[in-house]
Amino acid sequence: MSEAPRKIVHIDMDAFYASVEQRDDPGLRGRPVVVAWKGKRSVVCAASYEARKFGVRSAMPAVTAERLCPEAVFVAPDFVRYNAVSLAVRGILERHTDLIEPLSLDEAYLDVTTNKTGLPTATLVAKAIRRHIWEELNLTASAGVAPNKFLAKIASDWRKPNGLFVIQPHEVQQFLLPLPVGRIPGVGRVTEARMAQAGIKTVGDIHATALAALELKFGSYALRLYELARGIDQSPVIANRVRKQISAEDTFPEDIPLDECDVHIRRLAEKVWSASKNNARGARTIVLKLKTKEFQSLTRSLTSNTPIPSCEALVDTTVILREKVDMGPEQFYRLVGVGLSNFQLDREEATDDGSSPISELIL
């Protein structure tokens, strides 16, 4: 006897960072907003929908965004504020279920097969969540409702921004088969090109291909393709996924010599210590990351027998690790990062004041 379909909701905040900026500054509303530091090294953190009309997208170089949209308003990111808003959204989600799997600051999966509010359908849960986000935070969110995570994530993007799309169990094949293969997670441009050479352009084409034939072309990924083309995704919603490292990094506007990295290393170490709630989980390993101007990545680490005791110890140790980098005074660097790992506690507990643990500083 097969199990009853699960009820999965994927919530995705619309242009999250940019929307927060437009909400908090009325002068930005209706204007193309790009959340990024200006400069040749900076990348776009987020773009408002007004900016997206010009082709501006997250993760593109800021100089490209400026070229595409000369009228864009650049706003420096404020992650402390975005985290606070994300926590407020998380509070709304928790009214409906404890089975919440955050993916980033602005999106999460929810398993509402059984929900706290007694609403009879996942669609009503999604509608309630979107309504509360708007009424309480003056922000919009899109939602996808489906029998599994794979389909719910596709659905949430279907009517963006500020939309809701539902895929009922009996509608899965009708919805899936016409989709281009690029809609499948893990199918990037390279794989999509390989599929096109094999005559596979839609999910329906995958569905019509025998598993053995897929295995010849795509190896171990073939079974996943075969199942997704049939709407099969058994992956559960995993609540409170624990991070294995707490870290922070900076890319410099200009390349700098090693001795000038100290001030950045100290600041990042203090930031990581604060983010770790004074090392509440008992990290024993400190990691220093450097990237040269030639994009060569270097790491230095130190593991103690006991947890790092203080912010001062973390700062001092990262500086010592910096001294272990010996590539000569002529070497310049473009990035530095500091991290804590090797935690004694495998859980991220809530703090005494009721605030969420580090892994929950995301939606």
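If the condition is being polar (S, T, N, Q) and part of a helix (DSSP H, G or I), then region 4-56 contributes SER19, GLN22. Criterion applied to GLU135, GLU215 was being more than 24 Å from the chain's Cα centre (by Cα) and assigned by TED's automatic domain parsing to the domain that holds LEU103, and the one residue passing it is GLU135. Scan region 71-94 and tell me whether some residue there is part of a loop (DSSP other than H, G, I, E, B), more than 23 Å from the chain's Cα centre (by Cα) and at pLDDT 95 or above. Scanning region 71-94 turns up at least one residue that is part of a loop (DSSP other than H, G, I, E, B), more than 23 Å from the chain's Cα centre (by Cα) and at pLDDT 95 or above.
Taking the criterion of being assigned to a strand (DSSP E or B) and of a type in the set (A, V, I, L, M, F, W, C), the residues of region 294-325 that qualify are LEU298, LEU302. Within region 186-203, residues that are assigned by TED's automatic domain parsing to the domain that holds ILE154 have Cβ atoms under 7 Å from residues that are surrounded by 18 or more Cβ atoms within 10 Å (Cβ to Cβ) and part of a loop (DSSP other than H, G, I, E, B) in no pair, counting only partners at least 6 apart in sequence or on another chain. Taken over region 138-177, residues that are within 19 Å of the chain's Cα centre (by Cα), more than 24 Å from ILE206 (Cβ to Cβ) and among the aliphatic types (A, V, I, L, M) amount to 3. Step by step: first the residues of region 266-307, then only those that are surrounded by 15 or more Cβ atoms within 10 Å (Cβ to Cβ) and hydroxyl-bearing (Ser, Thr, Tyr), then the one that is farthest from ILE256 (Cα to Cα). Which residue is that? Looking at residues that are surrounded by 15 or more Cβ atoms within 10 Å (Cβ to Cβ) and hydroxyl-bearing (Ser, Thr, Tyr), I get SER276. Residues that are basic (Lys, Arg) and either on the phi > 0 side of the Ramachandran plot or surrounded by 15 or more Cβ atoms within 10 Å (Cβ to Cβ) (or both) number at least 1 in the following helices (runs of 4 or more DSSP H) confined to region 118-182: 122-137, 149-156.
Checking each residue in region 57-70 for being free of Cβ contacts under 8 Å to residues at least 12 places away in the same chain and not in a helix (DSSP H, G or I) picks out only PRO70. Got at least one residue in region 229-236 being of a type in the set (Gly, Ala, Ser), farther than 30 Å from GLN174 by Cβ and over 23 Å from the mean Cα position of the chain (by Cα)? For region 229-236, residues of a type in the set (Gly, Ala, Ser), farther than 30 Å from GLN174 by Cβ and over 23 Å from the mean Cα position of the chain (by Cα): absent.
I need the full set of residues from region 20-58 which are surrounded by 21 or more Cβ atoms within 10 Å (Cβ to Cβ) and either in the same structural domain as ILE256 (by TED's automatic domain parsing) or under 14 Å from GLU71 (Cα atoms) (or both), in order please. Selection gives PRO32, VAL33, VAL34, VAL35, ALA47, SER48, GLU50, ALA51, VAL56. THR318: assigned by TED's automatic domain parsing to the domain that holds GLY339, under 23 Å from the mean Cα position of the chain (by Cα), of a type outside the set (A, V, I, L, M, F, W, C) and within 25 Å of PHE79 (Cα to Cα), yes or no? Against the criterion (assigned by TED's automatic domain parsing to the domain that holds GLY339, under 23 Å from the mean Cα position of the chain (by Cα), of a type outside the set (A, V, I, L, M, F, W, C) and within 25 Å of PHE79 (Cα to Cα)), THR318 does not qualify.
Checking ASP233, ASP205, ASP255 one by one, the residue that is in a strand (DSSP E or B) and either more than 21 Å from PHE150 (Cβ to Cβ) or at pLDDT 90 or above (or both) is ASP255 and no other. You will find that of PRO161, PRO178, the residue that is touching a residue at least 24 places away in the same chain (Cβ under 8 Å) and under 28 Å from GLU215 (Cα atoms) is PRO178 and no other.
The values are calculated or read from the model by the stated rules, or taken from the named source; none is laboratory data. Since this is a predicted model, take the numbers as computed values, not measurements. Every residue, glycine among them, receives a Cβ derived from its backbone with ideal geometry; neighbour counts consider all protein chains shown.
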